[in-house]
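The structure appears below as structure tokens.
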């Protein structure tokens, strides 16, 4: 069995039936500098990828990971900062660590890397499996991404109803990109 298939299997076993946990504790500099605004377990408001200060976030998150090596939120945030800093392989390894602990934002971001062919060879089938895994566990960004893939027929047979269903699920969770997409496409959605 190829290593990638074993990894997806391990992530699927950990994520099956998983709900995003609430994390106790106060926000650290790592949280303030590297949390994703789409991470429901974040301890700080979150910073867009474009605005992320990679050098400061990497330093803060390395310190936090040394203190809390089993904290998937911190591994995810350090992975995010490392990817922004151009250290893709190390960032991906930390995403995988967080994903194997069931951290859905990490599963989603790995899917996005495969969908876009960043750090890894593009593999839409693998990306879709990971998006589906996180979407079925209720992660709104994955629901939205999966919906867009269905609508565009990207890596999968186009299915308008499935696509809209996933996007509506994400919007129902108040995921703003999904809400914006539905509002912008309202006329096209009306039969």
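Structure notes:
- Qualifying position, being surrounded by fewer than 22 Cβ atoms within 10 Å (Cβ to Cβ), at pLDDT below 95, outside any loop (DSSP other than H, G, I, E, B) and in the same structural domain as residue 131 (by TED's automatic domain parsing), among 32, 4, 62: 4
- Residue 117 at pLDDT 95 or above, more than 18 Å from residue 58 (Cβ to Cβ), over 14 Å from the mean Cα position of the chain (by Cα) and surrounded by fewer than 18 Cβ atoms within 10 Å (Cβ to Cβ): yes
- Being outside the structural domain of residue 145 (by TED's automatic domain parsing), closer than 19 Å to residue 132 by Cβ and surrounded by fewer than 20 Cβ atoms within 10 Å (Cβ to Cβ) is a description that applies to residue 100.
- Answer residue from the stretch 77-87, given it is more than 13 Å from residue 43 (Cα to Cα) and in contact with a helix residue (DSSP H, G or I) (Cβ under 7 Å, 6 or more places away or on another chain) and is surrounded by the fewest Cβ atoms within 10 Å (Cβ to Cβ) among those: 85
- Output for the stretch 155-172, where each listed residue is assigned to a loop (DSSP other than H, G, I, E, B) and surrounded by fewer than 16 Cβ atoms within 10 Å (Cβ to Cβ): 157, 158, 159
- From the list 169, 128, 146, 133, the one residue that fits, being under 23 Å from residue 40 (Cβ atoms) and touching a residue at least 40 places away in the same chain (Cβ under 8 Å), is 133.
The values are calculated or read from the model by the stated rules, or taken from the named source; none is laboratory data. Because the structure is predicted, anything quoted here is derived from the model rather than measured. Glycine also receives a Cβ, built like all others from the backbone with ideal geometry; neighbour counts cover every protein chain displayed.
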